[in-house]
1. Which numbered condition in (1) farther than 17 Å from Y195 by Cα; (2) in contact (Cβ under 8 Å) with a residue 12 or more places away in the chain is the only one that D262 fails?
2. From Q142, Q211, which residue is at pLDDT 95 or above, on the phi < 0 side of the Ramachandran plot, surrounded by 14 or more Cβ atoms within 10 Å (Cβ to Cβ) and over 18 Å from the mean Cα position of the chain (by Cα)?
3. Being farther than 19 Å from I94 by Cβ and part of a loop (DSSP other than H, G, I, E, B) is the filter here; which residues of region 36-52 pass it?
4. Could you check, for region 200-207, whether at least one of its residues is touching an Asp or Glu at 6+ places or on another chain (Cβ under 9 Å), at pLDDT 95 or above, in a loop (DSSP other than H, G, I, E, B) and within 25 Å of V47 (Cβ to Cβ)?
5. Which one of V135, V160 is of a type in the set (A, V, I, L, M) and closer than 19 Å to I224 by Cβ?
6. Based on this model, can you work out whether L140 counts as in contact with a His (Cβ under 9 Å, 6 or more places away or on another chain) and not β-branched (V, I, T)?
7. Kindly check whether there is at least one residue in region 93-101 that is surrounded by fewer than 20 Cβ atoms within 10 Å (Cβ to Cβ) and in contact with a strand residue (DSSP E or B) (Cβ under 6 Å, 6 or more places away or on another chain).
Amino acid sequence: MKLLSKLCFMAAAIISPYLIAAEDGLNVSATKITSGFYMLEGVGGFVGGNMGLFVGDDGVILIDDALPTHIQLIKKAIKTVTNKPIDFLINTHIHADHIGNNEILGSEGAHIVAHENILHDLLKEGMPRAKGKAVPKAALPQITFSHSMNFHLNGNETYVLHVPQAHTNGDAVIYFKDINILHTGDTLFNGMFPYIDFARGGTLEGYISAQKKILTLINEQTKIIPGHGKLADKQDLESSIKMLEDAKKLIKALISLGKTEDEVMQLNPLLKYHDKWNWSFITTDKMTRQVYQGLKKQ
């Protein structure tokens, strides 16, 4: 029941994160992956997407900043690691459970880095789930890129790469080359069916291509921080690619036979993945419809 409650809370937060109040017993942990690098994640409930924190002599980089209701928990976790201010805040994509604290951290001096589409969409549409309200200047990215960019800080080369039309139209993956750690944003939901935001420019083919691109960057020793789920590795990424390609193949075959979306649903082609990959937000049924719709959009 506790697991189900946690997953339901997570689903609700993704759908309407600005309406969620802090949970009792919720905390944020800072798990050391290697010297100077930590994974921040919610404990006892959902605070938003997984965050990465890189601390060194040259400064502090934070990847994503979760939901605005949980900023004090996030700051508390960061202070267990460092008292230094955040110098750079990298947004992996536009969803509010990943950029909900841009305004607070930006007003405190963090330089926000994001793909150019995030800045464009924020200026055009406002903060997601904030009912079209204008985005405060402090919440906007000051540094944008179109394809890729590099940081040379803390004795490490950090590669920030745009993967187009994947989870959204503005996804970035961040690879810390010298310490072999990669943050995927929501181009990986580890051990769960992924969410592809078609309304924000995500595509099924682009999502699979993004994961294949990530695969070319890493090796067996790479530690992968997914947007959601436990710390991952190359095998976890390969399992996700295999599942997605098989789901695409199974449903494409049914489409070629002239099956409608509802007819495909009745056949339940992804049943074999249900026990492992199904979760409260992207159920097996929703994943089936998502793949069907993604194929029809091609």
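1. All conditions pass for D262, except number (2).
2. Q142
3. If the condition is that a residue be farther than 19 Å from I94 by Cβ and part of a loop (DSSP other than H, G, I, E, B), then G36, G44, G45 are the ones that fit.
4. Checked against the condition, which is being touching an Asp or Glu at 6+ places or on another chain (Cβ under 9 Å), at pLDDT 95 or above, in a loop (DSSP other than H, G, I, E, B) and within 25 Å of V47 (Cβ to Cβ), region 200-207 yields at least one hit.
5. Residue meeting the stated conditions: V160.
6. Details: in contact with a His (Cβ under 9 Å, 6 or more places away or on another chain): no; not β-branched (V, I, T): yes.
Criteria not met by L140.
7. Within region 93-101 (the criterion being surrounded by fewer than 20 Cβ atoms within 10 Å (Cβ to Cβ) and in contact with a strand residue (DSSP E or B) (Cβ under 6 Å, 6 or more places away or on another chain)), the answer is no, since none of the residues qualifies.
To keep it simple, each residue is scored yes or no on (1) surrounded by fewer than 20 Cβ atoms within 10 Å (Cβ to Cβ); (2) over 14 Å from the mean Cα position of the chain (by Cα); (3) without any contact (Cβ under 8 Å) to a residue 24 or more places away in the chain.
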site	(1), (2), (3)
N117	no, yes, no
K124	yes, yes, yes
A134	yes, yes, yes
A138	yes, yes, no
E157	yes, yes, yes
K177	yes, yes, yes
F193	no, no, no
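The values are calculated or read from the model by the stated rules, or taken from the named source; none is laboratory data. Predicted, not measured: the structure shown is a model, and the values here were computed from it. Here Cβ is always computed from backbone atoms with ideal geometry, including for glycine, and neighbour counts include all displayed protein chains.
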